[in-house]
Amino acid sequence: MEMYKRAYQYYRAACQRYDMDSLNFYQFLKDLTKEQLDEYLKQAIF
C-alpha cells in the first residue's frame, strides 16, 4: 500500500504543477488501469 501512496503523491504533484484537479486516493486506485498505476509507480520510485 505504501507504494501506491507514493504513486498517488507523484500524481498529485503532477496535477498541481499543471493546475489540474486531482482524484482522491480511493478514486485514483479505483479508476486507473493496472498499466497506469504501474507507470505512476515507476515514476514515483525513480
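Where a number appears in this text, it was derived from the coordinates with a stated rule and is not lab data. Everything numeric in this text was worked out from a predicted model, so none of it was measured. Please note: Cβ atoms are built from the backbone with ideal geometry, for glycine as well, and neighbour counts cover all protein chains shown.
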Quiz item: Taking square-rooted eigenvalues a ≥ b ≥ c of the alpha carbon gyration tensor, is the chain rounded, prolate or oblate, where a/c under 1.5 means rounded and, failing that, a/b exceeding b/c means prolate?
Solution: oblate
Self-check item: Two-site FRET efficiency, MET20 against ILE45, from Cβ-Cβ distance with R₀ of 30 Å, rounded to 0.05
Solution: 0.85
Quiz prompt | Simple label model, 7 Å out from Cα along Cβ direction - LYS30 to GLN9, nm | solution = 2.4
Quiz prompt | the stretch 1-38: chymotrypsin sites (Phe, Trp or Tyr not before Pro) in DSSP coil with no more than 11 other Cβ atoms inside 10 Å | solution = TYR18
Self-check item: For the stretch 2-45, size of Cβ-based charge dipole, Lys and Arg +1, Asp and Glu -1, in debye
Solution: 140
